[in-house]
1. Are any residues in the range 121-168 of a type in the set (Ser, Thr, Tyr) and at pLDDT 95 or above, and if so, which ones?
2. Just to be sure I understand, how many residues within the range 153-175 are surrounded by fewer than 16 Cβ atoms within 10 Å (Cβ to Cβ) and either small (Gly, Ala, Ser) or assigned to a strand (DSSP E or B) (or both)?
3. Could you run through the range 23-36 and say how many residues are out of contact with any His (no Cβ under 9 Å at 6 or more places or on another chain), in contact (Cβ under 8 Å) with a residue 24 or more places away in the chain and either closer than 20 Å to Asp107 by Cβ or assigned to a helix (DSSP H, G or I) (or both)?
4. Tell me, which residue of the range 62-106 that is in contact with a strand residue (DSSP E or B) (Cβ under 6 Å, 6 or more places away or on another chain) and touching a residue at least 60 places away in the same chain (Cβ under 8 Å) is surrounded by the most Cβ atoms within 10 Å (Cβ to Cβ)?
5. Please count how many residues of the range 77-126 are over 29 Å from Ala45 (Cα atoms) and acidic (Asp, Glu).
6. Assuming Ser109 fulfils every condition listed in (1) at pLDDT 95 or above; (2) exposed (fewer than 14 other Cβ atoms within 10 Å of the Cβ) apart from one, which condition is it?
7. Test of understanding: among Gly189, Gly196, Gly202, Gly185, which residue is modelled with pLDDT under 75, closer than 25 Å to His44 by Cα and under 20 Å from the mean Cα position of the chain (by Cα)?
8. For the range 73-123, enumerate the residues that are among the small types (Gly, Ala, Ser) and assigned to a helix (DSSP H, G or I).
Amino acid sequence: MIPHIVFSDNDTGYFPGFDRWGTADAAALPEGMQSSGICQPPVHAIALRHIMDRGRENGGADQEAAEAFLAESFDGWLAWHRWLAAVRDPDGVGLVEIHHGWESGFDNSPRWDGPYSRIVPGTVPPFTRRDVLHVADASERPDDDEYTKYLWLVQQMAEVKFDDAAVQEVVDFRVRDVFFRHHGGFQRGARRPCRGARPESGGRRT
């Protein structure tokens, strides 16, 4: 999984920070990294396609650099999409499920009012929000009751050390998100992105 936040060593200004995420005990956390435990839409393939298109349009050194980067990183991007298709679509219906509204890329969308309305948080440790310090009108941000639900989901995932199978059993937010699917280029029954393939050096994708 590609996490939606990777924290720097000196980061102290973001909440929830690394300690609150509780990913230190997650088996999948790479050594030496501090990150959140959720992902966001896989728009990387779209960005890579634009990089390749511009590189090939420009030709020369730009094309060489773009194709070298893709050749070096392709296996990682493919693994990322395969993880989403296998782990986040366990029933093979072609819709990737998300486990937090923050994974959607539309954090405070009214689309999540229904799922969040059905969440009854357990005990959540006290917290001090920082997001409300950066807006002129705090009423434009989710209220504390809503934010407690956000942290409750994080806590549920942390309690099972962000294990993929265990999270699906315990988390109170499991939503199949059509927008997430669209950004990733997934189709019904697919186990890989439906657009694009590994390009040969110097060649052109069709």
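1. First, the residues of the range 121-168 that are of a type in the set (Ser, Thr, Tyr): 123, 128, 139, 147-148, 150.
Within the range 121-168, Thr123, Tyr147, Thr148, Tyr150 qualify.
2. Final tally of qualifying residues: 2.
3. Looking only at that region, the number is 2.
4. Here the residue is Ile98.
5. Qualifying residue count, the range 77-126: 1.
6. Unmet for Ser109, out of (1) at pLDDT 95 or above; (2) exposed (fewer than 14 other Cβ atoms within 10 Å of the Cβ): (1).
7. After applying the criteria, what remains is Gly185.
8. Step one: of the range 73-123, the residues among the small types (Gly, Ala, Ser) are 73, 76, 79, 85-86, 92, 94, 101, 104-105, 109, 114, 117, 122.
Ser73, Gly76, Ala79, Ala85, Ala86, Gly101, Ser104, Gly114, Ser117, listed by residue number.
The values are calculated or read from the model by the stated rules, or taken from the named source; none is laboratory data. This is a predicted model, so every value here is computed, not measured. All Cβ positions, even for glycine, are placed from backbone atoms using ideal geometry, and neighbour counts span all protein chains on display.
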